[in-house]
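**Student:** Supplied in structure tokens, the structure appears directly below.
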Amino acid sequence: MAQKNSSPWVDYVIFGLTVFLVFCLIFESFIDLPSLVAWLGRWHPLILHFPIVLLLMAAAIGLFNRIVPKLLLTIATLSALVTAITGFFLGTETVPKGDLILWHQWMGAGVAFLAVLWYWLSTNHLQQTYLVKGIQVILILLVGFTGHFGGMITHGEDFLAMPRSKKLEKIPENPLIYEHIVHRVLDNSCIGCHNPNKSKGELLMTSIGELIKGGESGPALVVGDPVNSELIRRLHLPMEDEEHMPPDGKKPLSDNEIQILERWIALGASDTLKLSDLDNSEPLAGMVKKMMEEGTSNSWAKLPKVADSTLQNLASDYVTIQRISSNSQALSISVFLPPDYDPKNITDLKRISNNIIELDLSGIPIGEKEMEFVAMCKNLEWLEVDRTPLTDTEFDKLKGLAQLRVLKAYETGITDKSVAVLKDFKGLKSLYLWETQISEVGFTELKEALPNLILDHGIDPELKREFIEKDTIVDSIQ
Amino acid sequence: MEEDKSKSENPLKVNRRHFFSQLSVGIGSLALGSLLIPDLFKGGKGPLASQPLGIPHFAPKAKRVIYLFQSGAPSQLESFDYKPTLTKRMGEDLPESIRNGQRLTGMTSGQDKFPLMPSAAKFAQHGKSGAWVSEFFPHIAKIADEICIVRSMHTEAINHDPAITFFQTGSQQSGRPSMGSWMSYGLGSENQNLPSFVVLTSRGKGNSQGLYSKLWSSGFLDSKHQGVLLRSGKDPVLYLNDPDGLSRSDKRHLLDHVSSLNKIHHVETGDDEIESRIAQYEMAYRMQMSVPDVMDIKKEPESIIKLYGEDSQVPGTYAANCLQARRLAESGVRFIQLYHQGWDQHGNLPNEMAGQAKDVDQASAALILDLKQRGMLEDTLVIWGGEFGRTNYCQGNFDPKNYGRDHHPRAFSIWMAGGGIKPGITYGETDEFGYNIVKNPVHINDFHATIMNNLGLDHEQLIYKYQGRRFRLTDVAGNVVNDILT
């Protein structure tokens with residue numbers, strides 16, 4: 001059994017810290033910390049790793065019926081107390097404390113008190129009682145939960161949730177302007193720092209009421225008056241301004257998003273307003289529609305991971321594979337014609353078909369096999385199959401590509417039969433069909449089906465004639 | 001970024017000391033990074049600071065650039081900056097309050113009068129956007145709705161060499177990498193069989209200024225990022241073709257052996273340039289196949305040739321180069337730099353400029369139309385412009401039919417199209433004399449920052465450390481001109 005061999009001052013320190021912690025917790029609302037103490041709080045994220053490791057170790061040793069070295073238990077207990085106290089200091093920076101922080105705080109304090117209790121019992125030769133075993137089990141659980149809650153505070157609540165379920169929900173056809181549009185913008189860019197657990201500037205942005213209530217510098221939102229709304233003012237500040245929101249390094253809102261917030265405030269910041277309530281001439285309607293269309297690049301976030309080594313293996317002198325931007329799983333692929341072309345050059349890319357966002361097959365003699373592969377690239381947004389021997393038969397395979405935005409199919413053999421396929425690409429923005437067999441009737445049909453489409457079927461004949469006929473430069477001057 | 005380079009491009013140089021220094025930084029930063037508050041040590045550095053090379057920092061709007069450089073500095077007053085006041089006050093001396101101490105070149109510093117000279121070319125508004133374009137450019141006028149005219153460019157240089165060097169490299173003194181080299185360095189190549197930076201030159205009849213290969217040099221960047229000059233005629237790249245009697249497989253063997261010798265040498269010396277050399281031999285080998293194919297204009301149909309103008313059939317003309325530029329862009333060259341010489345009209349401006357304009361007008365406009373019908377304006381940025389502007393006063397004899405204009409750095413016009421630039425707008429404004437900018441000035445650094453932005457690069461993050469100093473294309477300045485972006 002452990003000996004009572006440590007010097008008494010260790011006991012005094014532990015006792016003192018325990019009393020201090022109890023005092024802090026009880027008189028929380030009366031405490032106003034000097035900044036040095038607040039600074040101590042900043043060490044919480046560093047120190048907390050010690051009690052986690054040490055307590056788990058000590059508890060595990062105990063549960064395996066081994067003697068827990070006194071020194072280990074002492075240090076574990078001390079570190080648990082210090083962690084709880086610094087954690088308390090850190091927590092006082094956030095007022096009011098959100099649910100997450102409160103849970104974390106009380107569980108953390110629980111861990112410290114349990115550790116002290118265990119220390120006390122073991123100092124009094126009560127190592128192997130069932131009480132101690134119980135304490136050890138509870139400690140293990142409590143350390144786990146406290147750590148998890150702490151993790152959620154720093155990394156976000158869904159940090160350990162199955163990746164991506166909620167954020168990417170599609171905006172409904174007829175969205176509520178606040179809930180589905182405004183709140184979504186705030187949720188993506190602001191609420192990470194302005195929520196009950198992390199209310200920077202003492203501002204919560206989780207409801208309209210909280211926005212009106214505002215933070216340190218008064219209301220963030222003045223109904224009907226975007227110009228005097230603190231929130232809008234900060235969005236418009238130059239990027240390098242300290243007060244610009246979101247702060248340095250975070251992705252700023254797009255112009256469209258800012259305009260949506262402004263217009264929504266100007267129209268009265270209603271939470272019941274729907275898209276269908278807006279007149280077509282109301283600018284907000286256009287902005288909201290634009291945002292609904294734009295949802296695309298966000299959807300790249302859910303693409304499966306692909307390793308650089310995979311990309312290196314699949315790339316060759318004639319197949320260039322690039323990430324669209326760094327840290328992105330979205331790929332852009334260009335294929336150039338090798339001297340000895342084989343469809344395998346392209347169909348080998350199957351492994352990464354879901355990651356392909358842009359695919360350039362211009363000028364490659366592609367046929368059915370390659371088009372079957374293209375059809376597998378469900379996330380394709382940009383497809384170039386111009387200057388290829390494609391006909392309606394192969395083109396038909398593209399049917400399922402719902403994400404297509406840009407399609408280049410000029411100088412191919414497709415005819416009016418393919419118009420049916422094209423009409424189904426509801427998200428298509430630009431389509432290049434110059435030098436195909438599609439007739440004027442086909443083009444008209446397409447334009448009716450997809451009114452927002454920019455359809456290019458060659459240079460305007462009138463303009464072309466002016467270019468081709470004769471140089472018109474003024475001779476008088478020469 | 002520097003670290004990344006040394007890892008990806010030169011594995012052999014990772015010696016023991018290097019390894020340990022990286023290891024300690026690695027462990028140290030790991031510990032700090034995870035233990036302390038994430039933002040505490042980040043300081044001003046954005047998350048991009050440790051970006052890998054060869055990948056855009058963010059999703060780009062343009063994948064490539066065609067830069068139609070008008071070398072010699074075309075006059076903005078006879079092209080895109082319409083100034084009726086000059087007609088009203090023709091012959092009056094430029095008020096000192098307007099000139100405001102602007103330094104002069106040696107060519108007009110002896111003049112005791114600076115009589116205002118109106119444009120010999122008439123102006124009209126064109127397109128839905130109502131852009132002002134002079135009669136020298138009838139074809140460009142027809143595509144006014146496709147382009148963005150910037151009338152408020154300015155620079156510090158007043159002579160050709162520093163000015164063009166500034167535009168191409170971001171510095172008036174030579175030695176820095178060219179824009180195209182920076183793009184090649186930052187984005188990598190799109191087609192492994194062609195250089196990512198290609199240069200085509202042509203020359204008009206007007207008074208011209210020299211072009212030197214330093215303008216497309218890679219400076220301190222790896223020499224594989226250097227611009228490759230493609231010549232007109234039978235041999236676009238000198239010495240690219242094998243001598244008679246050498247078969248392609250013999251050539252392959254030869255290259256394999258040379259490269260194994262080079263690798264031994266590299267192990268011994270650790271010199272980066274040896275690796276570059278190996279890569280360049282391989283590139284040249286592939287270019288033996290790819291270049292003749294891209295350069296073969298004969299494949300173009302009659303209607304396209306006519307669109308660019310009859311000149312486009314004559315190798316070495318600006319029109320032929322424009323058509324070539326489109327073909328190169330299609331084949332995945334990142335940066336295609338054209339130069340057309342002959343825009344330096346110190347005298348005889350009306351005649352010479354009309355001739356220069358005739359060289360470039362139709363082909364430039366045709367390039368835009370051709371790119372557009374191929375959907376390539378979606379991801380190709382086209383730029384048209386010279387190195388500075390020209391004075392609103394006359395140089396030499398005052399004759400409205402035959403006058404000259406001197407160099408003017410304070411305001412000039414360029415235009416851009418495609419690749420994320422708003423079409424159909426005119427940006428920036430000069431005063432009624434066309435001398436000073438009164439609205440939305442765009443400095444060369446801003447211009448560079450904007451182009452890089454559209455290519456998905458943060459100009460503040462694409463950095464190369466050389467001789468103890470960090471270099472950027474925009475050096476320590478530059479703001480993206482957001483107003484002209486789509």
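**Student:** Hey, does region A:154-161 have a residue that's more than 14 Å from chain B (Cβ to nearest Cβ) and either at pLDDT 90 or above or assigned to a helix (DSSP H, G or I) (or both)?
**Tutor:** Just the residues of region A:154-161 that are more than 14 Å from chain B (Cβ to nearest Cβ), to begin with: A:157-158, A:160-161.
Retained after the next criterion (residues that are either at pLDDT 90 or above or assigned to a helix (DSSP H, G or I) (or both)): none.
Scanning region A:154-161, I find no residue that is more than 14 Å from chain B (Cβ to nearest Cβ) and either at pLDDT 90 or above or assigned to a helix (DSSP H, G or I) (or both), so the answer is no.
**Student:** If I go through region A:55-73 residue by residue, how many of them are crowded, with 21+ Cβ neighbours inside 10 Å and at pLDDT 90 or above?
**Tutor:** First, pick out the residues of region A:55-73 that are crowded, with 21+ Cβ neighbours inside 10 Å: A:55, A:58-59, A:62, A:68, A:73.
In the following step, the residues that additionally are at pLDDT 90 or above were identified as A:55, A:58-59, A:73.
Final tally of qualifying residues: 4.
**Student:** Please pick out the residue among A:Leu117, A:Leu131 that is surrounded by fewer than 21 Cβ atoms within 10 Å (Cβ to Cβ), over 16 Å from A:Val22 (Cβ atoms) and not aromatic (Phe, Trp, Tyr).
**Tutor:** Details: A:Leu117 fails: over 16 Å from A:Val22 (Cβ atoms).
On inspection, the qualifying residue turns out to be A:Leu131.
**Student:** Taking A:Asp392, is it acidic (Asp, Glu), more than 14 Å from chain B (Cβ to nearest Cβ) and within 31 Å of the chain's Cα centre (by Cα)? Lay out the reasoning, then the answer.
**Tutor:** Numbers: acidic (Asp, Glu): yes; more than 14 Å from chain B (Cβ to nearest Cβ): yes; within 31 Å of the chain's Cα centre (by Cα): no.
Here the answer is no, as A:Asp392 does not meet what is asked.
**Student:** For residues in region B:186-230 being among the hydroxyl-bearing types (Ser, Thr, Tyr), closer than 29 Å to A:Val335 by Cα and surrounded by fewer than 23 Cβ atoms within 10 Å (Cβ to Cβ), which is farthest from the other protein chains (Cβ to nearest Cβ)?
**Tutor:** Restricting attention to region B:186-230, the residues satisfying the condition of being among the hydroxyl-bearing types (Ser, Thr, Tyr) are B:189, B:196, B:201-202, B:208, B:212-213, B:217-218, B:223.
Pick out the ones that are also closer than 29 Å to A:Val335 by Cα and you get B:189, B:196, B:201, B:217-218, B:223.
Subset that is surrounded by fewer than 23 Cβ atoms within 10 Å (Cβ to Cβ): B:189, B:201, B:217-218, B:223.
Details: B:Ser189: 8, B:Thr201: 23, B:Ser217: 25, B:Ser218: 21, B:Ser223: 20 Å.
Filtering first and then ranking leaves B:Ser217.
**Student:** Which residue out of A:Gly442, A:Gly427, A:Gly413, A:Gly400 is away from chain B (no Cβ under 14 Å) and touching a residue at least 60 places away in the same chain (Cβ under 8 Å)? Show your work before the answer.
**Tutor:** On the way: A:Gly442 fails: touching a residue at least 60 places away in the same chain (Cβ under 8 Å); A:Gly413 fails: touching a residue at least 60 places away in the same chain (Cβ under 8 Å); A:Gly400 fails: touching a residue at least 60 places away in the same chain (Cβ under 8 Å).
So the residue among A:Gly442, A:Gly427, A:Gly413, A:Gly400 that is away from chain B (no Cβ under 14 Å) and touching a residue at least 60 places away in the same chain (Cβ under 8 Å) is A:Gly427.
**Student:** Anything in region A:360-381 that is in contact with a Ser or Thr (Cβ under 8 Å, 6 or more places away or on another chain) and surrounded by 15 or more Cβ atoms within 10 Å (Cβ to Cβ)? List them, or say none.
**Tutor:** A:Asp360, A:Leu361, A:Ser362, A:Gly363, A:Ile364, A:Ile366, A:Glu370, A:Phe373, A:Met376, A:Cys377, A:Asn379, A:Glu381
**Student:** With the structure loaded, tell me whether B:Ser247 is over 18 Å from the mean Cα position of the chain (by Cα), away from chain A (no Cβ under 14 Å) and free of Cβ contacts under 8 Å to residues at least 60 places away in the same chain or whether it fails that test. So that I can check it myself, show each step before the final result.
**Tutor:** Values: over 18 Å from the mean Cα position of the chain (by Cα): yes; away from chain A (no Cβ under 14 Å): yes; free of Cβ contacts under 8 Å to residues at least 60 places away in the same chain: yes.
Taking the combined requirement at face value, the residue satisfies it.
**Student:** Same structure again: Can you tell which of B:Lys122, B:Lys128 is of a type in the set (Lys, Arg), within 24 Å of B:Leu381 (Cβ to Cβ) and within 14 Å of chain A (Cβ to nearest Cβ)? Outline the logic, then answer.
**Tutor:** On the way: B:Lys122 fails: within 24 Å of B:Leu381 (Cβ to Cβ).
Exactly one of B:Lys122, B:Lys128 is of a type in the set (Lys, Arg), within 24 Å of B:Leu381 (Cβ to Cβ) and within 14 Å of chain A (Cβ to nearest Cβ), namely B:Lys128.
**Student:** Continuing with the same structure: Quick test of your reading of the structure: B:Pro400 fulfils all but one of (1) at positive phi; (2) at pLDDT below 95. Name the failing condition by number.
**Tutor:** (1)
**Student:** Yes or no: B:Phe137 within 29 Å of the chain's Cα centre (by Cα), modelled with pLDDT of 95 or more and within 14 Å of chain A (Cβ to nearest Cβ)? Working first, answer last.
**Tutor:** Values: within 29 Å of the chain's Cα centre (by Cα): yes; modelled with pLDDT of 95 or more: yes; within 14 Å of chain A (Cβ to nearest Cβ): yes.
Considered against the rule, which asks whether it is within 29 Å of the chain's Cα centre (by Cα), modelled with pLDDT of 95 or more and within 14 Å of chain A (Cβ to nearest Cβ), B:Phe137 comes out as yes.
**Student:** Show the residue pairs that are 6+ apart or on different chains and have beta-carbon atoms under 8 Å apart, the first residue being within region A:451-470 and more than 10 Å from every other protein chain (Cβ to nearest Cβ) and without any contact (Cβ under 8 Å) to a residue 24 or more places away in the chain, the second being in a loop (DSSP other than H, G, I, E, B) and surrounded by 15 or more Cβ atoms within 10 Å (Cβ to Cβ).
**Tutor:** Taking only residues 6 or more apart or on different chains, the pairs are A:Asn452/A:Lys429.
**Student:** If you check every pair at least six apart or on different chains, which have Cβ atoms under 7 Å apart with a residue in region B:428-447 that is on the phi > 0 side of the Ramachandran plot first and a residue that is surrounded by fewer than 22 Cβ atoms within 10 Å (Cβ to Cβ) and part of a loop (DSSP other than H, G, I, E, B) second?
**Tutor:** Close Cβ pairs (under 7 Å, with a partner that is surrounded by fewer than 22 Cβ atoms within 10 Å (Cβ to Cβ) and part of a loop (DSSP other than H, G, I, E, B)) amount to B:Gly428/B:Asn440; B:Gly428/B:Pro441.
**Student:** Looking for whichever is part of a loop (DSSP other than H, G, I, E, B), exposed (fewer than 13 other Cβ atoms within 10 Å of the Cβ) and at pLDDT 60 or above here; the options are B:Gly106, B:Gly91. Which one fits?
**Tutor:** Values: B:Gly91 fails: exposed (fewer than 13 other Cβ atoms within 10 Å of the Cβ).
One residue alone meets the criteria, B:Gly106.
So that you can scan it fast, the table gives a plain yes or no per residue for (1) within 14 Å of chain B (Cβ to nearest Cβ); (2) more than 26 Å from the chain's Cα centre (by Cα):
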{"position": "A:Trp264", "(1), (2)": "no, no"}
{"position": "A:Ser270", "(1), (2)": "no, yes"}
{"position": "A:Gly286", "(1), (2)": "no, no"}
{"position": "A:Ser309", "(1), (2)": "yes, no"}
{"position": "A:Asp317", "(1), (2)": "yes, yes"}
{"position": "A:Leu331", "(1), (2)": "yes, no"}
{"position": "A:Asn345", "(1), (2)": "yes, yes"}
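**Student:** Of everything in region B:434-470, what is surrounded by fewer than 21 Cβ atoms within 10 Å (Cβ to Cβ) and farther than 30 Å from B:Leu94 by Cα? Give them in sequence order.
**Tutor:** Correct list: B:Asp458, B:Glu460, B:Gln461, B:Ile463, B:Lys465, B:Tyr466, B:Gln467, B:Gly468, B:Arg469, B:Arg470.
**Student:** Write out, first by first residue and then by second, each pair whose Cβ atoms fall under 6 Å of each other, whose residues are 6+ apart or on separate chains, and whose first residue, in region B:289-309, is in contact (Cβ under 8 Å) with a residue 40 or more places away in the chain and away from every other protein chain (no Cβ under 11 Å) while the second is outside any helix (DSSP H, G or I) and not β-branched (Val, Ile, Thr).
**Tutor:** B:Val291/B:Pro236; B:Met295/B:Pro236
The values are calculated or read from the model by the stated rules, or taken from the named source; none is laboratory data. Only a predicted model underlies this, so the values are computations on that prediction, with no experimental measurement involved. Neighbour counts run over all protein chains shown; Cβ positions are idealised from the backbone, glycine included.
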